[in-house]
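Okay, so here's the structure we're looking at.
The values are calculated or read from the model by the stated rules, or taken from the named source; none is laboratory data. All figures in this text were calculated on a predicted structure; none of them were measured in a lab. Note: ideal-geometry Cβ built from the backbone for every residue, glycine included; neighbour counts use all protein chains shown.
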């Protein structure tokens, strides 16, 4: 069995149909880990949906109600860039409950893993870029509310800037936000994170890893109680929505750097998967599975 739990629910599928965001990837990751014998059914735990109380620590009541009641304005759905359905809304509540559970698991197991989440483009009062609810922000606020952590570090390695994260935590001295992303990419407006690593087009493994190590060294001086790691698969060189040139091995090395950084300082690491839009969905699944494998390797098992 794995030394940490994998939080997963079949309801994570956002029910998007034919869409560039392969929401079926969550099920495919779950199945692949089981089929190759890396994980056992007992390694998986199902979350409960986040409570509205948890959600409302980050999101505006009007946005929450419009999502739940199916009363989004047409322009809000256009900005979200995914079709509205009740199942989609339920998936965001489940994924957010999953990130909260993974964070609680990390306190005991040193690494907590949500096979989902990482919806970093969600703002308090609107969604955009396939993201309706900011699960990571909600989880941080939930653990702070319960006095389980004081300071959180968000390490966002999606190819796209974490604009929602930066906006939510702007001026909040209890959360350090680090976003490492392709500069010439979505979103066009990038509110400042505490640390922004703006990468030029086509950056490959060596430069990426060097800049990441430098950024993490600075970020860890914040002395966080927990690291929330958005392990996007979209810096991959074959990603449809990315313009970086990382290999699968480079991405796995990236994962190891984050895990080893946390473990060296006895700081629990919480993983969410964020984006991944490879031309071949099997590649996205393989990259996300490699993140699970890198976590086990970092724990020396």
Failed criterion for residue 110 (all others in (1) in contact with a helix residue (DSSP H, G or I) (Cβ under 7 Å, 6 or more places away or on another chain); (2) within 18 Å of residue 21 (Cβ to Cβ) hold): (2)
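A quick yes/no check of all residues on (1) touching a helix residue (DSSP H, G or I) at 6+ places or on another chain (Cβ under 7 Å); (2) crowded, with 23+ Cβ neighbours inside 10 Å; (3) not in a helix (DSSP H, G or I):
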residue: 220; (1), (2), (3): yes, no, no
residue: 253; (1), (2), (3): yes, no, no
residue: 256; (1), (2), (3): yes, no, no
residue: 263; (1), (2), (3): yes, no, no
residue: 276; (1), (2), (3): yes, yes, yes
residue: 300; (1), (2), (3): no, no, yes
Qualifying residue in region 70-77 (condition: closer than 24 Å to residue 263 by Cα, out of contact with any helix residue (DSSP H, G or I) (no Cβ under 6 Å at 6 or more places or on another chain) and surrounded by 15 or more Cβ atoms within 10 Å (Cβ to Cβ)): no
Residue list for region 1-21, restricted to those being in contact with a helix residue (DSSP H, G or I) (Cβ under 8 Å, 6 or more places away or on another chain), more than 14 Å from residue 95 (Cβ to Cβ) and surrounded by fewer than 18 Cβ atoms within 10 Å (Cβ to Cβ): 1, 3
Flag if residue 296 is out of contact with any helix residue (DSSP H, G or I) (no Cβ under 9 Å at 6 or more places or on another chain), assigned to a helix (DSSP H, G or I) and over 21 Å from residue 24 (Cβ atoms): yes
Matching residues, region 40-56, being out of contact with any strand residue (DSSP E or B) (no Cβ under 6 Å at 6 or more places or on another chain) and surrounded by 18 or more Cβ atoms within 10 Å (Cβ to Cβ): 49, 50, 54, 55
Residue 196 vs. criteria under 19 Å from the mean Cα position of the chain (by Cα), more than 22 Å from residue 149 (Cβ to Cβ), crowded, with 18+ Cβ neighbours inside 10 Å and at pLDDT 95 or above: yes
Selection status of residue 173, modelled with pLDDT of 95 or more, over 24 Å from residue 90 (Cα atoms) and touching a helix residue (DSSP H, G or I) at 6+ places or on another chain (Cβ under 7 Å): no
Listing of helices (runs of 4 or more DSSP H) fully contained in region 1-94 that carry 1 or more residues being more than 29 Å from residue 299 (Cα to Cα), under 18 Å from the mean Cα position of the chain (by Cα) and without any contact (Cβ under 8 Å) to a residue 60 or more places away in the chain: 74-80
Residue in region 123-138 that is in contact with a strand residue (DSSP E or B) (Cβ under 8 Å, 6 or more places away or on another chain) and in a helix (DSSP H, G or I) present: yes
Checklist (1) surrounded by fewer than 16 Cβ atoms within 10 Å (Cβ to Cβ); (2) touching a helix residue (DSSP H, G or I) at 6+ places or on another chain (Cβ under 8 Å) applied to residue 86, failing item: (2)
Cβ pairs under 8 Å, 6+ apart, first in region 280-301 and free of Cβ contacts under 8 Å to residues at least 60 places away in the same chain and at negative phi, second part of a loop (DSSP other than H, G, I, E, B) and surrounded by fewer than 23 Cβ atoms within 10 Å (Cβ to Cβ): 280/238; 283/238
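Every residue, every condition in (1) more than 26 Å from residue 57 (Cα to Cα); (2) surrounded by 20 or more Cβ atoms within 10 Å (Cβ to Cβ); (3) out of contact with any strand residue (DSSP E or B) (no Cβ under 7 Å at 6 or more places or on another chain), yes or no:
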site: 175; (1), (2), (3): no, yes, no
site: 178; (1), (2), (3): no, yes, no
site: 182; (1), (2), (3): yes, yes, no
site: 207; (1), (2), (3): yes, no, yes
site: 223; (1), (2), (3): no, no, yes
site: 226; (1), (2), (3): no, yes, no
site: 232; (1), (2), (3): no, yes, yes
Identity of the residue in region 234-243, part of a loop (DSSP other than H, G, I, E, B) and crowded, with 24+ Cβ neighbours inside 10 Å, that ends up farthest from the chain's Cα centre (by Cα): 242
Any hit, region 210-217, residues being within 19 Å of residue 112 (Cβ to Cβ), surrounded by 18 or more Cβ atoms within 10 Å (Cβ to Cβ) and over 16 Å from the mean Cα position of the chain (by Cα): yes
